[in-house]
Structure formats: structure tokens, C-alpha cells
Amino acid sequence: MSKRTHDQVEATEMEAGPSTGISLTPSTNGVNTPDQANVGLLQIPQKRFYRQRAHANVFVDHELDYPKSPSAMDWSFHYPQYFSYPDQAEPLPGQNIKKVEWADVGCGFGGLLMALAPMFPDTLMLGMEIRTSVTKYVTDRIAATRQSQSLLPSESSEKKPGEYQNVSVIRANAMKHITNFFDKGQLSKIFFLFPDPHFKNRKQKARIITPGLLAEYAYVLRPGGILYTVTDVKDLHDWMAHHLNNHPLFIPIPNSDLEDDPILEAARTSTEEGKKVERNKGDKWVACFRRAENPE
Ligand SMILES: C[S@@+](CC[C@H](N)C(=O)[O-])C[C@H]1O[C@@H](n2cnc3c(N)ncnc32)[C@H](O)[C@@H]1O
């Protein structure tokens with residue numbers, strides 16, 4: 001896994017020009033506050049600068065960067081408040097204690113993560129996304145949001161708990177490398193929201209939920225953890241529910257048990273695909289499963 005230092009990352013982000021959706025302007029309204037005077041402001045990126053083909057082939061070898069094992073992963077780039085940098089002399093108080101606990105697989109443009117991060121500011125959450133531009137969009141969105149949060153006065157009503165320090169995204173093929181990033185039982189929630197349906201029979205092996213992959217998801221999810229699926233495609237819902245129901249390590253949770261769960265509500269409504277389905281007045285199919293205890 002290549003390890004970039006904090007300074008390199010900052011430089012990369014600050015140098016990115018408008019073609020990537022980030023612009024370096026002294027302030028958005030031309031008037032600098034004292035805090036902002038020497039800071040290049042990151043703007044919330046615009047999706048039109050980050051368009052990419054709808055599907056990436058999950059079987060070809062993209063140039064992916066992934067750790068040999070979870071212990072080789074340097075999380076400091078993703079969560080600088082929570083992990084010390086490799087060249088940092090001493091961890092700061094509160095660093096190197098937490099682990100990533102929630103994963104949004106195929107997070108797209110990051111709507112779920114941005115909704116959940118301030119609701120659960122003490123939980124580290126990560127989006128995994130295979131498309132390069134889409135991952136870059138989420139990275140830039142988080143960087144700009146963190147920066148604007150840090151510049152708000154503490155009494156501002158727009159200040160959010162945790163200031164989005166608990167959320168990040170990686171470019172990864174979750175179907176191939178999820179166990180490179182997470183230890184056994186590390187995750188307590190894993191989301192599969194509006195995954196690509198791959199309608200044609202010969203393409204179904206590219207679906208993100210297949211019998212073979214469920215063993216990997218069960219491995220990284222701790223007993224008692226929850227796997228969420230939401231889709232607007234009934235056939236895909238039936239496929240996912242069928243395979244999960246038939247897996248010994250997943251126990252279906254009746255939808256009525258999660259009626260008041262704000263996390264499921266966010267999973268149904270806050271992603272970009274979920275919003276599109278709502279605009280088009282489409283149906284949404286939900287299936288959630290609890291990870292069973294490990295067999296003796
Ligand atoms: C239809 S989009 C849904 C995005 C998001 N969950 C939402 O609800 O808006 C499916 C996303 O999964 C990503 N994806 C597909 N296969 C993947 C894989 N193996 N690993 C990581 N991301 C994947 C795609 O690139 C795409 O962005």
C-alpha cells in the first residue's frame with residue numbers, strides 16, 4: 001500500500017484545479033474573514049466534473065492500491081484525527097484507538113456516508129467504490145466539507161458533530177479485496193445500497209452479492225452486526241434475499257424490527273440512487289440480515 005504523508009495529500013488536494021471540481025479561491029464571496037485570509041478554500045465539488053461510465057468491469061485488474069493485510073493499512077490519510085502518520089513521533093491522545101466499523105460497499109457519490117457521519121460522530125465509516133472519478137468526487141466532497149466545518153465558529157448552527165472527521169472513501173474492488181482492508185469481525189455494519197443489477201443471466205456473476213462472496217462479508221462482519229440491502233429492482237432483491245436466507249451465518253431481520261431505525265431510513269433515502277428512485281416514484285425493496293454467532 002503506498003503511504004502518502006499528510007503534507008503530500010494536502011498538497012495534492014490544494015493543487016487540484018477546476019477540471020477536477022475543486023477550485024482555489026480566497027473566499028466564495030470575495031470577502032475573507034481573518035481565519036480564511038491565508039487559506040485556499042475547497043469548494044464542494046460538482047458531479048458534472050466527475051462523470052464516468054456507469055459500470056466498471058469488476059473482473060479486470062484495475063490498477064488498484066490495496067494493503068497485503070489489514071494491519072498493513074495506513075488509515076492516517078483517511079482519518080488524520082484518529083490515526084497517527086507513519087512519520088509522527090508520538091500518537092496524539094485519542095489516536096490509534098478506533099477502527100473502521102461501518103462499510104458502504106459501492107458507495108457511489110457518498111450520500112449515505114455524508115448523512116450518517118454527523119449522526120454517529122464517534123463511529124469510523126468508509127465508502128468502497130471501484131470507479132476512479134466517483135471516488136475522487138467523494139474524496140473531494142469530504143475534504144471540502146471538513147474544511148468548511150473547521151472554519152465555522154464554534155457557536156454556528158451549521159457546525160456538525162465530529163465535523164466529518166469520521167468518514168472517508170477508498171477506491172477498491174470490494175469483491176476482490178474486502179478482506180485486505182478489514183480484519184475478521186471488524187465491521188458492525190455493511191451496506192449494499194442500490195447495487196448494480198446486472199440483469200442478463202451471464203452477467204449475474206458480477207453482482208456484488210453472490211453465494212461465494214457472502215463468506216467474505218460474513219468474515220468481516222462481527223456476530224450481531226447488520227448487513228443492509230436496498231434496491232429498486234425486485235428481481236435483484238429476490239436474488240440477494242434468497243442467497244442471504246440460505247447462508248448459515250445470516251439471519252433475516254423482519255423489516256418491522258427496523259421500522260424506527262434511523263440508519264435504515266438513511267440507507268433508503270440518502271444515497272443518490274435512492275433519491276433518484278424517489279423522484280421517479282419507484283419502489284424500494286429492503287432486506288436486512290444479522291450476522292449469526294460463529295458456530296462452535
Ligand atoms: C448503482 S451504484 C449505487 C451507488 C450508491 N450506493 C447509491 O445508492 O447511490 C453502484 C455503485 O457500486 C460500485 N461498484 C460496483 N461494483 C463494485 C465493487 N466490486 N467494488 C466497489 N464498488 C463497486 C459502482 O461503481 C457504483 O458506483
Exercise for the section: Determine whether Lys189 is under 18 Å from Lys99 (Cα atoms) and either part of a helix (DSSP H, G or I) or in contact with a Leu (Cβ under 9 Å, 6 or more places away or on another chain) (or both). Expected result: yes
Handout entry: Qualifying residues in the stretch 97-122 (those that are closer than 25 Å to Ala206 by Cα and of a type in the set (A, V, I, L, M, F, W, C)) - the one surrounded by the most Cβ atoms within 10 Å (Cβ to Cβ)
Key = Leu112
Practice task
Go through the residues of the stretch 185-201 one by one and say whether even a single one is more than 15 Å from the chain's Cα centre (by Cα), within 21 Å of Phe59 (Cβ to Cβ), more than 10 Å from the ligand (Cβ to nearest atom) and aromatic (Phe, Trp, Tyr).
Solution key: yes
Exercise for the section: For Leu221, state whether it is surrounded by fewer than 19 Cβ atoms within 10 Å (Cβ to Cβ) and not charged (D, E, K, R). Expected result: no
Practice task
Return yes or no: is Leu236 assigned to a helix (DSSP H, G or I), among the aliphatic types (A, V, I, L, M), closer than 12 Å to Ile190 by Cβ and within 16 Å of the ligand (Cβ to nearest atom)?
Solution key: no
Practice task
Looking at (1) free of Cβ contacts under 8 Å to residues at least 24 places away in the same chain; (2) touching a helix residue (DSSP H, G or I) at 6+ places or on another chain (Cβ under 9 Å), find the lone condition where His247 falls short.
Solution key: (1)
Handout entry: Leading residue by the ranking (nearest to Trp102 (Cα to Cα)) among those in the stretch 255-264 that are more than 14 Å from the ligand (Cβ to nearest atom) and in a helix (DSSP H, G or I)
Key = Ile263
Problem - Residue in the stretch 26-50 that is nearest to Gly106 (Cα to Cα), counting only those that are loosely packed, with under 11 Cβ neighbours inside 10 Å and either at pLDDT 55 or above or of a type in the set (S, T, N, Q) (or both) - result: Arg48
Problem - Hits in the stretch 127-159 (condition: without any contact (Cβ under 8 Å) to a residue 60 or more places away in the chain, over 21 Å from Phe83 (Cβ atoms) and among the charged types (D, E, K, R)) - result: Glu155, Glu158, Lys159
Practice task
Collect the residues in the stretch 137-183 that are away from the ligand (no atom under 16 Å from the Cβ), under 18 Å from Phe109 (Cα atoms) and of a type outside the set (D, E, K, R), keeping them in residue-number order.
Solution key: Ala143, Ala144, Thr145, Tyr164, Gln165, Asn166
Fill in the blank from the handout: Only unsatisfied item for Lys276, checking (1) crowded, with 17+ Cβ neighbours inside 10 Å; (2) assigned to a helix (DSSP H, G or I); (3) out of contact with any helix residue (DSSP H, G or I) (no Cβ under 6 Å at 6 or more places or on another chain), is (1)
Problem - Residue ID - surrounded by the fewest Cβ atoms within 10 Å (Cβ to Cβ), chosen from residues in the stretch 279-296 that are at negative phi and away from the ligand (no atom under 16 Å from the Cβ) - result: Glu296
Completion exercise
Subset of the stretch 98-154, residues under 20 Å from Asp196 (Cα atoms) and part of a helix (DSSP H, G or I), comes to Gly111, Leu112, Leu113, Thr132, Ser133, Val134, Thr135, Lys136, Tyr137, Val138
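Take Tyr228 and decide whether it is within 15 Å of the ligand (Cβ to nearest atom), assigned to a helix (DSSP H, G or I), hydroxyl-bearing (Ser, Thr, Tyr) and buried (at least 18 other Cβ atoms within 10 Å of the Cβ).
no
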Exercise for the section: Using the structure shown, decide if Gly94 is crowded, with 21+ Cβ neighbours inside 10 Å and of a type outside the set (Asp, Glu). Expected result: no
Exercise for the section: Could you please give the count of residues in the stretch 74-101 that are touching a His at 6+ places or on another chain (Cβ under 8 Å) and of a type in the set (Gly, Ala, Ser)? Expected result: 1
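The values are calculated or read from the model by the stated rules, or taken from the named source; none is laboratory data. All of these numbers come straight from a predicted model, not from anything done at the bench. Because the Cβ atoms are built from the backbone with ideal geometry, glycine has one as well, and the counts that use them run over all protein chains shown.
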